[in-house]
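What follows is one structure encoded as C-alpha cells, with my remarks underneath.
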Amino acid sequence: MASRQPYPGNLPAARTTSDWRIIRRMTKQARPYWTRIGFIFLLSLAGTPLSLLTPLPIKIVIDSVVGSHPVPKMLRGIIPQDLQHSASALLTIAIGILIGVKLLSYLQSMASSLLEASTGEGMVLDFRTRLFAHVQRLSLRYHDTIGTSDSTFRIQYDAPSVQQITVNGIIPLVSSATTLVGMIYVTARLDKELALVALSISPVLFWLARSFRGRLRQRWKNVKKLESSANSVVQEVLSSIRVVKAFGREGHEEERFFGRATTRKQELLRVSFLQDGFDLLVGMTIAAGTAATLFIGVTHVRAGLLSLGDLMLVTAYVSQLYDPLKALSKKMADLQGALASAERAFALLDETPEVAEHPHARPLKRARGEIRFEDVLFSYDGRHPVLQNVSLNVPAGTRAGIQGKTGAGKSTLMSLLTRFYDVSGGRILMDGQDIREYKLADFRDQFGIVLQDAVLFSSSIAENIAYGRAGSTEAEIVDAARLANAHDFISALPNGYDTLVGERGMRLSGGERQRIALARAFLRDAPILILDEPTSALDTGTETTILDALERLMHGRTTFVIAHRLGTLDHCDMQLEIRDGTLIQRAAVGAGSQD
C-alpha cells in the first residue's frame, strides 16, 4: 500500500464563522419544518399575555379586597357592577383568575414541549441523514486522513445543533423580544419613569453578551474537538480489541483515554468558569436595576403617585421584564456551544468529493469489460508520483495478474480503475470510453471485488450475500452460495442463512468469511472482477476450496488478480509487475497481449 500524504481538501478551519451566517444556513436546513416552527412560535407568544395576567390577582387583592381602590380598568367592563364592591366576590374572582392563568400556562407549556420535541427530533434526524449521506460520498483520501471517528462524532453529536439553534435558540430569542416589548408598554402605562429606569440596564446586558460571545465560541470549539479526540480512542480500541488484548495493552489504552478525557474536562471547566462569570455579571446588573426600580417605586408610593397595589404590579412586571432581557443576553451566550457544533457540522458538509460525476455523465447497463490505461499518472500529494507512465490494454475476458512488493502501487492502480481516486494524468478507458464520463453508480456496478480480508456487516449471512445486489431472492442467494462452495457450511449452522455473523463477521472463520464474500461477488454478476490476495491468509484445504470457486467466478469475466508472488498468477493470461511506480509486462498468453 502506498504511503498516504496529508489530505489537501478543505479541512475544518480555525477561523470562526459569524453567528448570523451559521443561523442563516441552519434556517435553510430547517425549511421543511417552518410550519411547525411557526406553531411553536405562536404558542410561545401565547405566554406573553399569560405573563402579563400573572400579577393581576395580587393587585386586585391588595388594592380592591384589602384596600378600597376600584378594580383595574381592564376588568370594569367584565365584572358586574354589584360584584365590584363585594370584597368576597373580588377575592373569588382573583383566585379564579390566578388558577385560570396557571392552568393555561401549564397547557401552553405542555403543548409547546410536545411540539418542540417532535419538530426538533425530526430536524435532527434529517440533518444527521444529510451528513451521513454526504460523508459516504467523500473521497477515500478524506477518510484515510481524517479518520472515521471525527465524522462519526459530527454526525452523532454535532447534528443536534439544528434543534438547539432553531427550536431552543431562535424561537426563545424572538419570543423574549416580543415579551420584552409587551412588558415595556404595560410598565410605561403605569409609571414611565420606572420603565425608563428598568430599561437603563439593557445596554449593559447586551454589551456583556457581545463581549463574552467570541470567547465562549472558541472555548466550545475546543471542547468539541477534544470530545471527538477522546471518542476516537474508544472507537479505535473497540474496533481492534483483539490486538489490544493480544499485546496486553488495556492499561495503556485506558491511560490514553483518561488523558484525552481529562484534557477535555479541563477545557469544559474553563467554559463553565467563563459562563458562570457571565451569569454573575448579568445577575448583578439585573439586581442593580431591580434595586433602583424598587427605590424609585417606594418614593412614588410615598408621594402618592402610585398605590401599593400598583407598586406590587410594577415590581412584578419589572421582574418579568428582566426575564426576557436576561434570556436575550444569556441565550446569545448559551447559543455559542450549539453554534460551535453547527460550524463543525457545516464544515463537514462543505467538504467536496474529489471524485465527482460528470455533469452530462453517460448511463451504463453492462460493460463488455475491455480496459485500457493510457499514460496514467497518479500522485496523492501532487508532488510525489505513486504511478507514472502506466499504459496497458486488457481485452474483455482477460485474466491479468499484477505482482509487486508492498507499497508498489498495486492497490492504488485498482483504486484508480474503480474511481476511488481519479488519475492525476493520462486516462483510463472502459470499452473505449473514458471512465470519468460514465454515471458513477452505473460504473461501479460493473465491478465485483474480493479482498484479502473479507468485509462483512453485522447482519445475517443472507443479507451479507445480497449486499452486492439489492432485491435478490432467496433462491438467487442460495445459488450464489453454492457456486462459492459456501452452501454446505451455511446449511450446517443452527440458523442457516439467518445466522448473524457478528461485528465484521468475527463469528465466522476466515475461510467462511471469504466464501461469503465470493458468494456476494457471484450474486453481483459483474463483468469485471478485482481479486486482491483472496487466498493469501488461508490454509491449504480452504485455499483449494476457494480456488475452485474462484475459477468459476472468473470464467468469462475480465479479471485483475493482485498478488505478491508471480507463482500465484500462473493461471492468468497476462502477468504484470509494478516496480517503482511503473508497470512491467512479464508474460502474455492468448488474449492478453499488450498493445
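The values are calculated or read from the model by the stated rules, or taken from the named source; none is laboratory data. The shown structure was predicted, so the numbers you read here are calculated from the model rather than taken from an experiment. Cβ placement follows ideal geometry from the backbone for every residue including glycine, while neighbour counts extend to all protein chains displayed.
Observations on the structure shown:
- Only a single item in (1) modelled with pLDDT under 90; (2) of a type in the set (Gly, Ala, Ser); (3) over 32 Å from the mean Cα position of the chain (by Cα); (4) not in a helix (DSSP H, G or I) is not met by Ala367, and it is number (1).
- Candidate set: region 370-386, residues that are modelled with pLDDT of 90 or more and among the aliphatic types (A, V, I, L, M); chosen: the one nearest to Leu550 (Cα to Cα): Ile371
- Among the conditions (1) closer than 16 Å to Gly289 by Cβ; (2) crowded, with 21+ Cβ neighbours inside 10 Å, the only one that Ser175 does not satisfy is (1).
- The number of residues in region 26-57 being surrounded by 17 or more Cβ atoms within 10 Å (Cβ to Cβ) and within 19 Å of Arg128 (Cβ to Cβ) comes to 6.
- Checked against the criterion of being among the aromatic types (Phe, Trp, Tyr), part of a helix (DSSP H, G or I), out of contact with any Leu (no Cβ under 6 Å at 6 or more places or on another chain) and closer than 28 Å to Ala340 by Cβ, the candidates Phe295, Phe206 yield just one match: Phe206.
- Unique residue being surrounded by 14 or more Cβ atoms within 10 Å (Cβ to Cβ), part of a helix (DSSP H, G or I) and either β-branched (Val, Ile, Thr) or not assigned by TED's automatic domain parsing to the domain that holds Pro55 (or both) when the list is Ile99, Ile79, Ile155, Ile95: Ile155
- Of the criteria (1) part of a helix (DSSP H, G or I); (2) modelled with pLDDT under 90; (3) among the acidic types (Asp, Glu), which one Asp453 fails: (1)
- Once region 404-429 is narrowed to residues that are of a type in the set (S, T, N, Q) and in a helix (DSSP H, G or I), the residue that is surrounded by the most Cβ atoms within 10 Å (Cβ to Cβ) is Ser411.
- Yes/no for Val282 being under 28 Å from Phe41 (Cα atoms) and either surrounded by 16 or more Cβ atoms within 10 Å (Cβ to Cβ) or not hydrophobic (A, V, I, L, M, F, W, C) (or both): yes
- Taking helices (runs of 4 or more DSSP H) as the structural unit, those lying wholly within region 459-522 and holding at least 3 residues that are among the small types (Gly, Ala, Ser) correspond to 474-483.
- Taken over region 474-508, the criterion of being within 34 Å of the chain's Cα centre (by Cα) and among the polar types (S, T, N, Q) is satisfied by Thr499 alone.
- Residue list for region 298-321, restricted to those being assigned to a loop (DSSP other than H, G, I, E, B) and not hydrophobic (A, V, I, L, M, F, W, C): Gly304, Ser307
- Put simply, of Ile465, Ile435 the only residue that is in contact (Cβ under 8 Å) with a residue 40 or more places away in the chain and either closer than 16 Å to Ser391 by Cα or within 35 Å of the chain's Cα centre (by Cα) (or both) is Ile465.
- Members of region 537-583 that are of a type in the set (A, V, I, L, M, F, W, C), over 45 Å from the mean Cα position of the chain (by Cα) and at pLDDT 65 or above: Cys572, Met574
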